[in-house]
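To keep things clear, I will list the structure first and then write my remarks on it.
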Amino acid sequence: MKKISKSFTLYGKEYCITTGEIAKQATGAVVISQGDTIVLVTAVVSKERRDYDFFPLTVDVVERMYAVGRIPGGYIKRESRPSDKGTLMARMIDRPIRPGFPEGFRNEVQIVATILSADQVHQPDVIAITAASTALMLGGVPFDGPAAGVRIARNTATGEFIVNPTFEEEAESDLELTVAGTADYISMVEAGANEVSEEDMLAALNCAQEAIAKFCDIQQEFLDSLEPDMRPEIQEYPLDEENPEVANRVLAYYDAMSIALKDADKTARTEKVSELKEQIKASFSEEELQLWGKEIPAQLKALEKKAMRDMVISTGERVDGRRTDEIRPITADVSWLPRAHGSGLFTRGQTQVLSVLTLGMLNEWQRLDTIDPCPGKRYFHQYSFPPYCTGETGRMGAPKRREIGHGALAERALVPVLPPEDEFPYTIRIVSEVMESNGSSSMASACGSTLALMDAGVPIKRPVSGIAMGLIKEGDDVAILSDIQGIEDFLGDMDFKVCGTERGITALQMDNKARGLSVDILARALNQAKAGRAHILSKMFEAIQEPRPDLSDFAPRIISMKIPVDKIRDVIGSGGKVIRGLQEETGATIEITEDGTVYIASKDTGGEEARRRIETIIKVPEIGEEYHGTVVSIQSFGAFVELLPGKDGLLHISRVANGRVASVEDVLAVGDTVHVKIIDIDEKDKISLDRLDKPEAPAASFTGGGRDSRNRDGQGRSSFGGHDGRDRERSNGRDNDNDRRPRRKH
């Protein structure tokens, strides 16, 4: 196959799709680029059909640091596990691609997206969705394509939507919306927003649907441009098909399944359904079980799915007896953990999440060693879903893709309401521990985290609540479900999560399994979700209505101050000696940024003491100021007095006492404290002092004759019986012979 390329421009951005040059042994391979961001996406379909009861699709994202001209950190110097951003990108490709395969497809499919070049201007994730679709279609895979993904931002100045914005354009937007699907329907939505209204979100979704259709048209044009012998033929793959005999025998238990499903308690309902399934299995002979070993479990699941969906569509009642728009019982609690900086326990039905908040210094921010231009973040949310929360056993270890995705969603929901760094100079970490799960645990995580933030005294703009919406679609009959539980997620057609404040949406995520999901249906779901969010928020207010006025006693107090950039060196000191001394003596932690911002953290009064000392270090002495300084050095011409840490001035010998002294040591010693006043600062910042608490010069200070051995009496006359005008003027701080101001040697 020879190299084929197609360059095109859409919405002011330039792209290029290429195939036939590299990775030619893959079922399909495409290189897609936007600017200097280049992604290779390969698709391989196994030749053997797997004996699974699910579709074995795997999506991997490979982030190579060479894409941005960097070497990986650490000792190994090799990329290891994917970053959170890479994991989220893999999920972003998987979710819209998976629904495009036919029911019963059991050949293993692996999609690998390798980021070969990242210009840190154009984003690689959404173009990889388009490339994955193209690679599958080039390989002749029975895939319902073309499919594509786009990102939508909004120019806050003009209100115009931007398709596939650059990182810079996205940073200036109040909306980040990622949508994937086909020209006819939407299958995946991810959004973060700064309290955007439902109407504006729908307008953005409409814009995204139009853009997706154009990218799908480009793909089709690319495929049509291939020479006849290069055009892919749809390959034949064996599909799992329904066995009519098994289906009919299982369907006979429809009424019994409907009765077993009607129970609000998840555990009791699961036991009833399991018992019924065992009863149905027992109706088959040993030979039939061996013959139809895989078809029977599939039909049992299909029976459960049909009974649940029919119940909702025909009666409007759900398995737990709720109406379609009814929310499960909610309780909320704060300060659940006594020593945590903030904690919130949120329970909705049989879903319960404990969110725990910890505050730290800004230098404890999360650094990201990735190809993404963002170096790190000061707020990060981590979601934990242990096996006990569903009453199961399982392996504990590194977070799975689902946990990373749910944590990212809750994090995105709360970022818009957090105070800016200059107002609240803390790193914020929240861990959401799922204690019990029966659906919507990610939204419970967002609600619990809002409670924890307010409990900790973090001055958030407004509280955030979240709700998970579901969909049952049978033909033209549609039922939208509020606050879905696990069975409605597994057997339903949509999982649509919405977070926001009373003013608007802050985060949104949707996965769709039903073809034909229109923007109109999403509009209905958004409006129903708005009412649900308001109800949930009212229940949260029963525990706490606004952030506490003070931080927890166990949280560090962080003081921020600004110092001149040229004073940073003085505060740090040679080899860090000064700042280490400050931290050891005050017990505070001190961080200084390049722009001169100083952050001081402590759990007691040490922070205020550290600030006072820093203010002393950076203070610039002025003429006329008085100090009680310490004598640090004595020379023949005077004494050096430390006024402030690292700053001293010269007290000339003529000003150490009332009267003439032969030696400074006659009246001063190193370590003495003296009350002095600044009388001059020269152009080289050398300070001259006068002593305000002058003692009388000792009588024994001069013992010899001559000019240098004269001593005055108490009336100001010399021992030679006359006034010495020159000496008197010197004693008054003047020298009228010439400028003989003492100079300090540096």
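Laboratory data are not the source of any read-out in this text; all were calculated from the coordinates shown. Here the structure is a predicted model, which means the values were calculated and not measured. Cβ coordinates were reconstructed from backbone atoms using ideal geometry, including for glycine residues, and neighbour counts include every protein chain displayed.
In this Cβ point-charge picture (+1 for Lys and Arg, -1 for Asp and Glu), the stretch 427-486 has a dipole of about 440 debye about its Cα centre. Shown in residue order for the stretch 663-675 are the 3J(HN,Hα) couplings computed by the Karplus curve 6.51 cos²θ - 1.76 cosθ + 1.60 at θ = phi - 60°: 9, 4, 4, 5, 10, 9, 9, 4, x, 5, 9, 10, 8 Hz (x for Gly and Pro).
Taking all Cα pairs closer than 8 Å and separated by 6 or more residues, the relative contact order of the stretch 244-315 comes to 46 percent. A simple count of charges around residue 323, restricted to other residues whose Cβ falls under 14 Å of its Cβ and scoring Lys, Arg +1 and Asp, Glu -1, yields -3.
Please state the shape class of the stretch 209-355: rounded when a/c is under 1.5, otherwise prolate if a/b exceeds b/c and oblate if not, all from the C-alpha gyration tensor. Because a/c hits 1.5 or more and a/b fails to exceed b/c, the stretch 209-355 counts as oblate. Taking every Cα-Cα distance in the stretch 557-618 and sorting them into 5 Å bins starting at zero, the pair-distance distribution P(r) comes out as 4, 21, 34, 28, 11, 2 percent.
According to the Kirkwood relation over distinct C-alpha pairs, the hydrodynamic radius of the chain is 31.4 Å.
Per-residue 3J(HN,Hα) values for the stretch 343-350, derived from phi via the Karplus relation 6.51 cos²θ - 1.76 cosθ + 1.60 with θ = phi - 60°, read 8, x, 10, 10, 10, 9, x, 9 Hz in sequence order (x marks Gly and Pro).
What helices does the chain hold that run 30 Å or longer along their axis, going by alpha-carbon atoms, with a Kyte-Doolittle average of -1.0 or more, using DSSP H for the helix calls?
198-224, 519-540
Taking a straight Cα-Cα cut-off under 20 Å and skipping sequence neighbours fewer than 8 places away in the same chain, the lysines within cross-link reach of residue 272 are 262, 281, 301, 305, 306. Along the axis of the charge dipole computed for the chain (Cβ charges of +1 for Lys and Arg, -1 for Asp and Glu, origin at the Cα centre), the listed residues 59, 445, 246 are led at the positive end by 445.
What number, in percent, do you get for the relative contact order of the chain if the mean sequence gap of Cα pairs under 8 Å and at least 6 apart is divided by its residue count?
Answer for the chain is 9 percent.
For a test of the definition: using alpha carbon positions, the gyration tensor, and the 1.5 limit on a/c, classify the stretch 330-540 as rounded, prolate or oblate. Since a/c reaches 1.5 and a/b is larger than b/c, the shape of the stretch 330-540 is classed as prolate. Taking amide hydrogens as placed 1.01 Å from N in the peptide plane, the amide H of residue 105 sits under 5 Å from those of 240, each at least 5 positions away in sequence or on another chain. Taking each DSSP H run with n ≥ 4 as -39500 (n - 2.57) and averaging over every residue of the chain yields -9000 deg cm²/dmol at 222 nm. Cα gyration tensor of the stretch 80-227, axes a ≥ b ≥ c as square roots of the eigenvalues: rounded (a/c below 1.5), prolate (a/b > b/c) or oblate? Here the stretch 80-227 falls in the prolate category. Enumerate the amide H contacts of residue 379 below 5 Å, restricted to partners 5 or more residues apart or on another chain; note that Pro and chain-start residues carry no placed amide H. Excluding prolines and chain starts, which carry no amide H, the hits are 428.
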